[in-house]
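Here the structure comes first, spelled out in structure tokens, and everything after it is commentary.
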Amino acid sequence: MGLIDGLFSLLFSGGRNAVKETVEVFRENAEAGAARDADRAEAALAQFAAEFSAPRQSVFDRVIDGLNRLPRPALALGTLGLFVSAMVDPVWFAERMQGIALVPEPLWWLMGAIVSFYFGARHQAKSQSFQRSIAQTVALAPSVVRNTAALRALGAGAGEEEVVDGAGDVPSANPALAEWRSR
């Protein structure tokens, strides 16, 4: 018994654990790691709490905080406003988009870089396809104007103009409609 007792006292005595210390060379002590993670999280939360617990010193700080919160809602509501304006007055909207079509490409790239830097998005990569789609939409403006004029004329009962399609072609006469009109 003396030999085994001596061996155990060598490994586990004096408040030290030789096996534990040897294993911790190769594998982290999970309990100690969790304690370090908890201390790190507590320090981060204390830093955040210190940042937001101090009362604002000036009106300037409150104004800047408010301005920092504006761009995203303004862009979202502005985009929805564009959809509404396109439905309410398509000609007015097409005129504005015609003006946007005249903006030079380097300026679009600059705006794309600023917006993508601000939002961290992939806007710059998609700006050229966006420009192409705007140009295609603006190209439809003449047929939209003709269709709108024809619809207004039909609504007022002023004439029997035919509505043209997106390509500007007048469709063939509708025999069923002609018969109905003749009654």
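Some notes on this structure:
- Bins of 5 Å, starting at 0 and running to the largest distance - Cα pair percent for the range 2-53: 4, 17, 13, 13, 12, 10, 9, 7, 6, 4, 2, 2, 1
- Relative contact order (percent, whole number), the range 74-141, Cα cutoff 8 Å, 6+ residue spacing: 30
- Shape of the range 74-141, Cα gyration tensor, a/c cut at 1.5: oblate
- The Cα-based radius of gyration of the range 39-86, divided by its Kirkwood radius, gives an Rg/Rh of 1.29.
- Spin-label pair ALA41-ARG72: with each label point 7 Å from Cα along the Cα-Cβ axis, the two points sit 2.4 nm from one another.
Values quoted throughout were computed directly from the atomic coordinates according to the rules given, and no laboratory measurement underlies them. This is a predicted model, so every value here is computed, not measured. Reconstructed Cβ throughout: ideal geometry from the backbone, glycine too, with neighbour counts over all protein chains shown.
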